[in-house]
Amino acid sequence: DQQVKQNSPSLSVQEGRISILNCDYTNSMFDYFLWYKKYPAEGPTFLISISSIKDKNEDGRFTVFLNKSAKHLSLHIVPSQPGDSAVYFCAASNTGNQFYFGTGTSLTVIP
Amino acid sequence: KAGVTQTPRYLIKTRGQQVTLSCSPISGHRSVSWYQQTPGQGLQFLFEYFSETQRNKGNFPGRFSGRQFSNSRSEMNVSTLELGDSALYLCASTLVGPETQYFGPGTRLLVL
């Protein structure tokens, strides 16, 4: 049973435009959310996080939005750059030690 | 500072065999987690070890087991391999909190 879902397997965006990656979850007990970025042949690397007491967290070009009532979070990348092309995973936790990951969205930024 | 290392990087086994994967965490990290990544399921949590004790366990059959040694190195064992066990197995070590979780490059297992 997939508790964290990323319904878009892939996304293509022009360089300089906004990339919006979406993630939905089913467990209302999740209180911490993270986004990871993964390049081929490498492990995922932490990108940005948000706790359930916030609805927005920003770090440079990356912003994560959390809508608890809709059980939805999104990652905005502005402006998108070719180096952002990677697979993005969202993850959620209610204990801080066990994380539930989505299936990933492959982002391609076209120069 | 050295990152998380996993050995071997690639492995081919046949059905019914067993396999052991190894993970060396970042120095000072006492928590080690294991994940299975498949195209259809994404990353699925297997288990987490902290100070040689299994602290959390995902929803995998008993064929999947692990252990952690006093130096925090961890091994994962899969017995009686099935075709569906073909996947990328990722190990992650954590210092404090999820932002300090670092993944290794993974071991790609192919079961024939």
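Could you grab me the full set of residues in segment A:22-71 that are among the basic types (Lys, Arg) and either in contact with a Ser or Thr (Cβ under 6 Å, 6 or more places away or on another chain) or more than 12 Å from chain B (Cβ to nearest Cβ) (or both)? Selection gives A:Lys37, A:Lys54, A:Lys56, A:Arg61, A:Lys68, A:Lys71. Under the condition of being under 22 Å from A:Met29 (Cβ atoms) and in contact with a Pro (Cβ under 8 Å, 6 or more places away or on another chain), the residues counted in segment A:65-90 number 1.
Only residues that are at the interface with another protein chain (Cβ under 9 Å from one of its Cβ atoms) and either over 20 Å from B:Gln17 (Cβ atoms) or in a strand (DSSP E or B) (or both) were counted in segment B:96-112, giving 9.
Among the residues of segment A:2-12, just one is buried (at least 19 other Cβ atoms within 10 Å of the Cβ) and aliphatic (A, V, I, L, M), namely A:Val4.
Looking only at segment A:72-90, residues that are surrounded by fewer than 17 Cβ atoms within 10 Å (Cβ to Cβ) and over 16 Å from A:Ser8 (Cα atoms) come to 5 in all. Per the listing A:Ser69, A:Ser49, A:Ser93, the residue uniquely within 21 Å of B:Ser93 (Cα to Cα) and free of Cβ contacts under 8 Å to residues at least 24 places away in the same chain is A:Ser49.
Inspection of segment A:91-107 finds a residue satisfying the criterion of being at positive phi and buried (at least 19 other Cβ atoms within 10 Å of the Cβ). Kindly indicate whether A:Asp55 is among the acidic types (Asp, Glu) and surrounded by 14 or more Cβ atoms within 10 Å (Cβ to Cβ). Taking the combined requirement at face value, the residue does not satisfy it.
Quick one: would you say B:Phe69 is of a type in the set (Phe, Trp, Tyr), without any contact (Cβ under 8 Å) to a residue 40 or more places away in the chain and surrounded by fewer than 18 Cβ atoms within 10 Å (Cβ to Cβ)? Answer is yes for this residue.
Go through segment B:23-53 residue by residue and tally those that are more than 12 Å from B:Ser72 (Cα to Cα), in a strand (DSSP E or B) and within 11 Å of chain A (Cβ to nearest Cβ). Number satisfying all stated conditions: 10.
Could you tell me whether A:Ser74 is touching a Cys at 6+ places or on another chain (Cβ under 9 Å) and either at pLDDT 95 or above or more than 14 Å from chain B (Cβ to nearest Cβ) (or both)? Considered against the rule, which asks whether it is touching a Cys at 6+ places or on another chain (Cβ under 9 Å) and either at pLDDT 95 or above or more than 14 Å from chain B (Cβ to nearest Cβ) (or both), A:Ser74 comes out as yes. The set of residues in segment A:1-46 that are without any contact (Cβ under 8 Å) to a residue 24 or more places away in the chain and over 25 Å from B:Phe60 (Cβ atoms) contains only A:Pro40.
Could you tell me whether A:Ile110 is among the aliphatic types (A, V, I, L, M), in contact with a helix residue (DSSP H, G or I) (Cβ under 9 Å, 6 or more places away or on another chain) and surrounded by 14 or more Cβ atoms within 10 Å (Cβ to Cβ)? It is false that A:Ile110 is among the aliphatic types (A, V, I, L, M), in contact with a helix residue (DSSP H, G or I) (Cβ under 9 Å, 6 or more places away or on another chain) and surrounded by 14 or more Cβ atoms within 10 Å (Cβ to Cβ).
The values are calculated or read from the model by the stated rules, or taken from the named source; none is laboratory data. Note that the structure is a prediction, hence the values are computed from the model and not measured. No Cβ is skipped: glycine too gets one built from the backbone with ideal geometry, and neighbour counts run over all protein chains shown.
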